[in-house]
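A quick write-up on the structure given underneath.
The values are calculated or read from the model by the stated rules, or taken from the named source; none is laboratory data. What you see is a predicted model, and the numbers here were worked out from it, not measured in a lab. Here the Cβ positions follow ideal geometry from the backbone for every residue, glycine too, while neighbour counts run over all protein chains shown. Accessible surface is based on the protein model in full, side chains and every heavy atom, while ligands, DNA and RNA are left aside. Shrake-Rupley method; radii C 1.70, N 1.55, O 1.52, S 1.80 Å.
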Amino acid sequence: MALERTFSIIKPDAVAKNVIGAIYNRFESAGLRIVASKMVHLSKEQAEGFYAEHSERPFFGALVSFMTSGPVMVQVLEGENAVLKNREIMGATNPAEALAGTLRADYAASIDENACHGSDAPESAAREIAYFFSADELCSRTR
Ligand code: RTP
Ligand code: MG
């Protein structure tokens, strides 16, 4: 199967819990390689643009407020089946429904503050990667 890339965010709650390294360890242990990474404190405009698909949902204001409440780590993960694999590592959106051993079961307090984001399809991954990274910021990890 071909290599795939996905986009990931460690959200403000997990950064505040100081578990960036623990979460990176989960990605690497599952065979995903980090090919780009940076810490950013999102502006309101950046957060609104990133979550534009949810702009009409009742939780949109709370989501933007949370995502701008502190710095986040944004990264691009590469590996076989990276999109699905990352979603499995993360667990269900609502941590109360997340399987034991997933990031959200271990680090998320609620559906509103749920530790991490991962692209839900290869198409959204491409769009989300381009939202945060230029092509020359994506590294090749062939060795
Ligand atoms: P994400 O995009 O952050 O990876 O999360 P997801 O795919 O699992 O969930 P999605 O449906 O895309 O929703 C984006 C974020 O909005 C918040 N949300 N709250 N109160 C609610 O019913 C509700 N539904 C979604 C969550 O924080 C979710 O991560
Ligand atoms: Mg989503």
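A few notes on this one:
- Apolar share of the accessible surface for the range 1-141: 52 percent from carbon plus sulfur atoms, 1.4 Å probe.
- Shape category assigned to the range 3-137 from the gyration tensor of Cα positions, a/c cut at 1.5: rounded
- Accessible surface, per residue, of the range 79-143 when the full set of protein chains is kept, probe 1.4 Å, Å²: 57 Å²
- Order by protection proxy (mean Cβ within 10 Å, highest first), peptides 10-21, 52-63, 128-139, 69-80: 69-80, 10-21, 128-139, 52-63
- Cβ-based charge dipole, the range 1-100, positive-most Cα from 76, 41, 22: 22
- Dipole magnitude of the chain, debye to nearest 20 (Cβ charges: Lys/Arg +1, Asp/Glu -1, about Cα centre): 400 debye
- Within straight-line cross-link reach of residue 17, lysines at Cα separation under 20 Å, skipping those fewer than 8 residues along the same chain: 38
- Helix-only arithmetic for the chain: the sum of -39500 (n - 2.57) across DSSP H runs with n ≥ 4, divided by the residue total, places the mean residue ellipticity at 222 nm at -10000 deg cm²/dmol.
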